[in-house]
Amino acid sequence: MTVAFLTKNWILVLTFVVSGAMLLWPLVSRRLSGARDINTLGATQLINAGNPLLLDLREPKEFDGRTLPNAVHLPLSQLGSRASELAQYVSRPVIAFCDRGQRSRGATSTLEKQGFKEIYNLSGGFRAWRDAGLPVTKP
């Protein structure tokens, strides 16, 4: 009876398996990623305690000149070709961020290849920082 149900409803079963995998993927990718998520409070504490590299990965169309104080702007699309520019910061922790905190996690593998050991992803990205009323540089 179970086999008959599966063969008659294989599309339903396939949809169930694929949707389950899609729900679990964010959890799995976070475990496999070398970056740890950090909120604005944690980022502020890390900035005050140490001297992390603040890496602004927003693309030029998103970047209006405002960013976190002392941040280095390097668009995510150019990170692979320009990663050597970050060699001087390799001993420091990195807080990577984009506009909303979704794409900056993708920079983890490139930063690990450059030798960075302590990589953080700013949850909510630049918008969360700005919305929290934290300081930003003006263009």
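The values are calculated or read from the model by the stated rules, or taken from the named source; none is laboratory data. What you see is a predicted model; the values in this text were computed from it and never measured. Don't worry about glycine lacking a Cβ; one is built from the backbone with ideal geometry, like all the others, and counts go over all protein chains shown. Side chains included, ligands, DNA and RNA excluded: accessible areas come from the protein's heavy atoms. Shrake-Rupley method; radii C 1.70, N 1.55, O 1.52, S 1.80 Å.
Got at least one residue in segment 123-139 being over 20 Å from Asp37 (Cβ atoms) and aliphatic (A, V, I, L, M)? Yes, there is a match, as at least one residue in segment 123-139 is over 20 Å from Asp37 (Cβ atoms) and aliphatic (A, V, I, L, M). Please go through segment 52-81 and pick out each residue that is touching a helix residue (DSSP H, G or I) at 6+ places or on another chain (Cβ under 7 Å) and without any contact (Cβ under 8 Å) to a residue 40 or more places away in the chain. Those that are touching a helix residue (DSSP H, G or I) at 6+ places or on another chain (Cβ under 7 Å) and without any contact (Cβ under 8 Å) to a residue 40 or more places away in the chain: Glu59, Leu74, Leu76, Leu79, Gly80. From the list Ser91, Ser84, the one residue that fits, being free of Cβ contacts under 8 Å to residues at least 12 places away in the same chain and either over 24 Å from Trp25 (Cβ atoms) or not small (Gly, Ala, Ser) (or both), is Ser91. Flag set for Ala43, criterion: touching a residue at least 40 places away in the same chain (Cβ under 8 Å) and open to solvent by less than 20 Å² (accessible area, probe 1.4 Å). Residues that are free of Cβ contacts under 8 Å to residues at least 40 places away in the same chain and on the phi > 0 side of the Ramachandran plot within segment 102-124 comprise just one, Gly115. Scanning segment 83-96 for residues that are open to solvent by 30 Å² or more (accessible area, probe 1.4 Å), in contact with a strand residue (DSSP E or B) (Cβ under 7 Å, 6 or more places away or on another chain) and of a type in the set (A, V, I, L, M) gives no hits. Here Gly80 meets each of (1) more than 21 Å from Thr110 (Cα to Cα); (2) open to solvent by 60 Å² or more (accessible area, probe 1.4 Å) with one exception, condition (1).
For segment 97-139, the candidate set comprises residues that are in a loop (DSSP other than H, G, I, E, B) and among the small types (Gly, Ala, Ser); within that set, the residue that is surrounded by the fewest Cβ atoms within 10 Å (Cβ to Cβ) is Gly133.
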